[in-house]
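Trainee: Before anything else, here's the structure in question.
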Amino acid sequence: MGDLAGALLFVLHPWPFFYILLGTSLGIFVGAVPGLTGGMLITLTLPLTFYMDSTLALILLVAMYVGSVSGGLISATLLRMPGTPSSIMTTFDGYPMAQQGQPERALALGIGSSLVGGLIAGAFLVLLSPPLSRWAMTFGPFEYFTMVLMAIVLIASISQGSMVKGLIAGFLGIAFALPGLNESDGQLRLTFGFHALDGGFQLLPVLLGVFVMSQIIKDAYEIGKQPVSLELGTGRVRVSLREWRGHAVNILRSSVIGTWIGILPGVGASISAIVAYVTAKNVSDTPEKFGTGHAEGIVASESANNANVGGALIPMITMGIPGSPIDAILLSALILHNIQPGPLLFITNGDFVWALMAAYLVANVLMFLIMTASVRWIARAVLIDKAYMLPVIFVCCMIGAYALSNRMYDVWVVVGFGVIGFFLDRARVPLGPFVIGFVLAGIFEVELRSSMQMSEAGFLGIFDRPIATTFLVLSILMLFWPFVQSWRRRTKKESPS
Amino acid sequence: MLVSRILKASLAAAAITFAGTATPQAAYPEKPIKVIVPTQAGGGMDSVARILQRYFDETGKLGTQMVVVNMPGAGGTIATREIMDSDPDGYTVGFWHEGIITSKAMGVVDYDHTAFDLLGVTGYGILGLGVAGDSPYQTFGELIEAARAKPNEVKVATNVGLPVHFVPLMVEDAAGVEFRYVQTGGGAKRFPSVVAKHTDTAIFGAIEFINWKDANLKPIVFFSEKRLEQFPDVPTAKEEGIDVIANANRIWLAPKGMPEEARAFLVNALREAMADETVQQQFSDLGVVPEFIEPEEIEKQLDWWAATAEPLVAKARQLQQ
């Protein structure tokens, strides 16, 4: 605990505190404006941090992450448009409640739940990360590759609604990770004689393309559409303690769900919110009220999506595996700042890790204060005409891509992936699994091949390693679970007749 | 184009005004010199460029600015190709390590050091084999004995096709033993692999041994001429009867065919920089031996590297599983 106290003192120094404040505010802003996302902001900021101190840089990015997940609730409540994908579930109850003349209450519920969800996940982050990283130290290539396998299966089985589309996205991501100098055997692959492709597609230009460029194209395409906002009254944006007490169980449950889903590699905040919302509805005495402006719905969605942020930081810090698409960006930030993610991070960069976690906690508190104090201004800011912003974002995006390795090639990669991302999005293929597939493919291949190089028994060597075997069995179970479930449902239906 | 021509013209005009007695034809260098670094900003290789950049800025010894351009990717070959393909006018140069040899050996590129004009070496890092503090192999002798008794069982964490892969291959060859190679990645990845004993040993730089001394990483042999003052008890490979001296040289490369005037100017500027006390101190802090090696000398070393690496290539490529 001494480490955390020291780190909290550090982040309250003027510069770190300034960066948390800046990051959280910008995050809330892009979160609130439909069409601007946290992924966009963080990817664009990353190249600007190349020459910053690495701790301050990551503090800034984490604060942006926290802010952006929270800001979305404002537009979800007032415009019925999720400012970020993670606040989709908030539109179902936030907007109706606002329509019924209680926009302040809806916003207060969302903001308060975000804070509590974020802090509960923060407690898990602080308590779980050190022991988990000690445990992960014993992980070798076999463990890593089975864990990544588990993540890939998980992405497929969790996006059940559009499992096929999720899988397509994931496989496309994997396919684009293949070209270039192959780390495992030192040979070129799929470069078709183009020397520009020798280095493959770098993560940052791909992220800039998928998260930023595709969104610019999309926004430019829809530029005429102006959303209509509900007016805020003059009431104070707060909810009585008594009402909060009634939500205690829901908040706790949704936060734990959010944290847990966050820890699972590769699954983002929107899934957390959906699962928490559906669970809250299922255990409620009045499920029919959900979707009509019910407070429980707002609370479940907003506490879960913020908790997801803290949860998703856990695998990133302890194992170097992204817990969500945005963590994939943070991961590349670590690498660009010459910090090797992985279980040794606590030993090699202990102060840095603790500062990161402290910044996460402080960012959540600042988010609450900023949102409560300035929700009226933000509500007006969400109506800003994006025609003024897109050119600036476009230029920043190009410069950011070029700065990575001073090559025009990367700029073209951004444009290419922007177009791919735009069309995938129009075809309703989710971009999250695409990015996760792109990131995980590299880790998966390297670890699998290292295992094979390491073990005399080839693949059978996995059975010498109990943790890896467990991960493998779990992956197989998760792969077949949906089929088992639907088979059981079918037999249940048939048995009464 | 127009802008740069105007800029150039006005710069030249300014130069004449200030110099007073300007020679009729402009002397090299008349514009900033671009230095291409094959790694991202930050980190050991990049620091070499930044230290020299600061030195030239402060002393004005270059008579112009040195601009550092980072071009990471594909094991340094994105950058080396860019250097090779640049105009040999003396305004684009760069540096890299022995990877310039091994990338060709692995078939990633079809050129090596002979495709460049060499400008010398600004310091070199010392490489050594390291084990976990509680490894069953506490000395180099024990490691070799184990590899001899159980061929193909002592695991070496490596970064395939780079010098950290070829140096153990040279040891193998000289000692007549056989290691088992596991692709792990850069130093920051080999370190946890060795310390957590997923692998038995790996190549690390002297600076990595110094940084990670308290984190259970222990050197057992260095491939240097003489012992390191930081590790007086650790023998050199030569003492152990293995005739492998392999440093990680910071080798300056220029596109072939640059004007002799520019070449001589740059070699001299680098040589002078390496004689500066501040520069030497800054290099030492990075674990780099601050010596300047003449172009002719490094050419000989690289020829030796190429000749030694050549017969090992077949084995290096065996790692493809």
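Trainee: Of the residues A:Val484, A:Val392, which single one is loosely packed, with under 14 Cβ neighbours inside 10 Å, modelled with pLDDT under 85 and either in a helix (DSSP H, G or I) or acidic (Asp, Glu) (or both)?
Mentor: After applying the criteria, what remains is A:Val484.
Trainee: Hey, can you tell me all the residues within the range B:171-181 that are assigned to a helix (DSSP H, G or I) and buried (at least 22 other Cβ atoms within 10 Å of the Cβ)?
Mentor: Initially, the range B:171-181 is screened for residues assigned to a helix (DSSP H, G or I), giving B:171-175.
Matches in the range B:171-181: B:Val171 only.
Trainee: Return yes when B:Leu286 is within 14 Å of chain A (Cβ to nearest Cβ), among the aliphatic types (A, V, I, L, M) and closer than 30 Å to A:Glu447 by Cβ and no when it is not.
Mentor: Taking the combined requirement at face value, the residue does not satisfy it.
Trainee: What strands (runs of 3 or more DSSP E) completely inside the range B:59-163 contain at least 2 residues that are touching a strand residue (DSSP E or B) at 6+ places or on another chain (Cβ under 6 Å) and within 13 Å of another protein chain (Cβ to nearest Cβ)? Don't jump to the end; show me each part of the working.
Mentor: Working: elements: B:66-70, B:92-96, B:116-132, B:155-158.
Those strands (runs of 3 or more DSSP E) span B:66-70, B:92-96, B:155-158.
Trainee: Regarding A:Ala468, is this residue in contact with a Ser or Thr (Cβ under 6 Å, 6 or more places away or on another chain), crowded, with 19+ Cβ neighbours inside 10 Å and within 19 Å of A:Ala151 (Cα to Cα)?
Mentor: yes
Trainee: Does A:Ser229 meet the test of being closer than 17 Å to A:Gly83 by Cβ, polar (S, T, N, Q) and in a loop (DSSP other than H, G, I, E, B)?
Mentor: Taking the combined requirement at face value, the residue satisfies it.
Trainee: For the subset of the range B:230-269 comprising residues that are among the small types (Gly, Ala, Ser), assigned to a loop (DSSP other than H, G, I, E, B) and touching a strand residue (DSSP E or B) at 6+ places or on another chain (Cβ under 8 Å), which member is farthest from B:Thr114 (Cα to Cα)?
Mentor: Restricting to residues being among the small types (Gly, Ala, Ser), assigned to a loop (DSSP other than H, G, I, E, B) and touching a strand residue (DSSP E or B) at 6+ places or on another chain (Cβ under 8 Å), the top hit is B:Ala237.
Trainee: In the range A:131-144, which residues are out of contact with any Phe, Trp or Tyr (no Cβ under 6 Å at 6 or more places or on another chain) and in a helix (DSSP H, G or I)?
Mentor: Across the range A:131-144, the qualifying residues are A:Pro131, A:Leu132, A:Arg134, A:Trp135, A:Ala136, A:Pro141, A:Phe142, A:Glu143, A:Tyr144.
Trainee: So, A:Thr259, is that one touching a Gly at 6+ places or on another chain (Cβ under 7 Å) and part of a loop (DSSP other than H, G, I, E, B) or not?
Mentor: no
Trainee: A further question on this structure: Which numbered condition trips up A:Phe192, out of (1) at pLDDT 85 or above; (2) away from chain B (no Cβ under 14 Å); (3) buried (at least 20 other Cβ atoms within 10 Å of the Cβ)?
Mentor: (3)
Trainee: Here's a follow-up. Identify all residues within the range A:434-461 that are within 14 Å of chain B (Cβ to nearest Cβ), touching a residue at least 24 places away in the same chain (Cβ under 8 Å) and of a type in the set (A, V, I, L, M); write none if there are none.
Mentor: Listed by number, the residues that qualify are A:Ile443, A:Val446, A:Leu448, A:Met454.
Trainee: Could I ask something else about it? On the given criteria, is B:Ile203 under 29 Å from B:Thr80 (Cβ atoms) and at pLDDT 95 or above? So that I can check it myself, show each step before the final result.
Mentor: Numbers: under 29 Å from B:Thr80 (Cβ atoms): yes; at pLDDT 95 or above: yes.
Yes: the conditions hold for B:Ile203.
Trainee: Would you check which residues across the range B:164-181 are within 16 Å of B:Glu310 (Cβ to Cβ) and within 13 Å of chain A (Cβ to nearest Cβ) and list them?
Mentor: Listed by number, the residues that qualify are B:His165, B:Phe166, B:Leu169.
Trainee: Within the range B:182-204, count every residue that is at the interface with chain A (Cβ under 7 Å from one of its Cβ atoms), in a strand (DSSP E or B) and in contact (Cβ under 8 Å) with a residue 60 or more places away in the chain.
Mentor: 1
Trainee: Report the residue count in the range B:290-300 for those that are closer than 23 Å to B:Met170 by Cβ and crowded, with 19+ Cβ neighbours inside 10 Å.
Mentor: Within the range B:290-300, residues that are closer than 23 Å to B:Met170 by Cβ and crowded, with 19+ Cβ neighbours inside 10 Å number 2.
Trainee: Of everything in the range B:205-229, what is within 22 Å of the chain's Cα centre (by Cα), part of a helix (DSSP H, G or I) and not β-branched (Val, Ile, Thr)? Give them in sequence order.
Mentor: Answer for the range B:205-229, where residues must be within 22 Å of the chain's Cα centre (by Cα), part of a helix (DSSP H, G or I) and not β-branched (Val, Ile, Thr): B:Ala206, B:Glu208, B:Phe209, B:Asn211.
The values are calculated or read from the model by the stated rules, or taken from the named source; none is laboratory data. Please read these numbers as outputs of a predicted model, since none were measured by experiment. No Cβ is skipped: glycine too gets one built from the backbone with ideal geometry, and neighbour counts run over all protein chains shown.
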